[in-house]
Amino acid sequence: MKMDRILPFAKILLEKPVKTGDIVVDGTVGNGHDTVFLANLIGETGRVYGFDIQEEAILNSSKRLDAEGLADRVYLHHIGHEKIGKIIPPEHQGKITGAIFNLGYLPGSDKTIVTKAETTISAVEQLLEIMAPEGMIVLVIYHGHEEGAFERDALLTYCRQIDQKTAHVLQYQFINQRNNPPFIVAIEKR
Ligand code: SAM
């Protein structure tokens with residue numbers, strides 16, 4: 001298949017606005033794969049702020065970052081992404097050029113601990129306030145579980161009403177695949 005699959009396309013979207021030395025956010029650290037990707041993108045002089053409500057996710061990702069020599073440029077927070085505006089210090093606000101939220105549950109872990117529409121939307125709203133112009137928020141939406149379907153509907157309703165003077169909003173989705181594969185909503189602040 002020549003078309004970009006969902007997870008590679010999420011990275012392509014972030015590679016455009018994010019440069020060496022930038023401030024970026026991983027809203028759902030999980031096993032740390034996206035955190036490592038972002039840490040490589042921003043280089044030694046940039047910073048990644050990572051959030052997860054599960055201690056296990058923070059510990060595993062911390063080990064992964066240590067092993068890859070990337071720990072110094074990543075601040076991991078064992079706290080919900082809805083606290084983003086309080087955690088990111090004023091000197092880094094306005095410099096955030098990218099954020100990713102890989103939603104749903106942590107693979108191989110407790111499937112009842114999932115992201116929720118209300119807190120995801122709260123984090124997106126805060127980011128739209130504090131990001132740099134042309135900053136990109138990538139939401140990877142998993143909607144195969146019950147809460148995921150609810151989160152999908154709420155996020156799509158929220159994203160469709162974002163004023164086009166505030167942000168460009170894109171949906172990238174394979175529409176003929178079975179079993180509710182994940183899809184992307186990307187929001188570029190204007
Ligand atoms: N990006 C991860 C990776 O590369 O492995 C996968 C993330 S996993 C699909 C979703 C994660 O979101 C879980 O680890 C879960 O604990 C976390 N989560 C759920 N609610 C959250 C919240 N309010 N704030 C931050 N993380 C949350």
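Of the residues making up the stretch 82-105, those that are within 8 Å of the ligand (Cβ to nearest atom) and at positive phi number 1. Taking the listed residues V140, V74, V124, the one that is in contact with a Pro (Cβ under 7 Å, 6 or more places away or on another chain) and surrounded by 21 or more Cβ atoms within 10 Å (Cβ to Cβ) is V140, with no other qualifying.
So that you can scan it fast, the table gives a plain yes or no per residue for (1) within 16 Å of the ligand (Cβ to nearest atom); (2) hydroxyl-bearing (S, T, Y); (3) modelled with pLDDT of 95 or more:
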| residue | (1), (2), (3) |
| --- | --- |
| E44 | no, no, yes |
| D52 | yes, no, yes |
| L59 | yes, no, yes |
| P107 | yes, no, no |
| A117 | yes, no, yes |
| I121 | yes, no, yes |
| L127 | yes, no, yes |
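With respect to the conditions (1) in contact with a strand residue (DSSP E or B) (Cβ under 7 Å, 6 or more places away or on another chain); (2) aliphatic (A, V, I, L, M); (3) farther than 22 Å from N31 by Cβ, V114 lacks only one, and its number is (3). The set of residues in the stretch 27-54 being under 22 Å from S109 (Cβ atoms), among the acidic types (D, E) and not in a helix (DSSP H, G or I) consists of D52 alone. Residue under question is I79, and the condition is that it be of a type in the set (V, I, T), modelled with pLDDT of 95 or more, closer than 25 Å to T45 by Cα and surrounded by 15 or more Cβ atoms within 10 Å (Cβ to Cβ); does it hold? Judged against the criteria, I79 is not a match. Apart from one condition, E151 fits all of (1) within 12 Å of the ligand (Cβ to nearest atom); (2) free of Cβ contacts under 8 Å to residues at least 40 places away in the same chain; (3) under 18 Å from the mean Cα position of the chain (by Cα); the exception is (2).
If you go through the stretch 20-35 and pick out every residue that is farther than 19 Å from V124 by Cβ and near the ligand (Cβ under 8 Å from one of its atoms), you end up with 3. Among the residues of the stretch 1-26, just one is in a helix (DSSP H, G or I) and either farther than 24 Å from P181 by Cα or of a type in the set (F, W, Y) (or both), namely F9.
The values are calculated or read from the model by the stated rules, or taken from the named source; none is laboratory data. This is a predicted model, so every value here is computed, not measured. Neighbour counts are summed over all protein chains in view; Cβ atoms, including those assigned to glycine, are modelled from backbone coordinates with ideal geometry.
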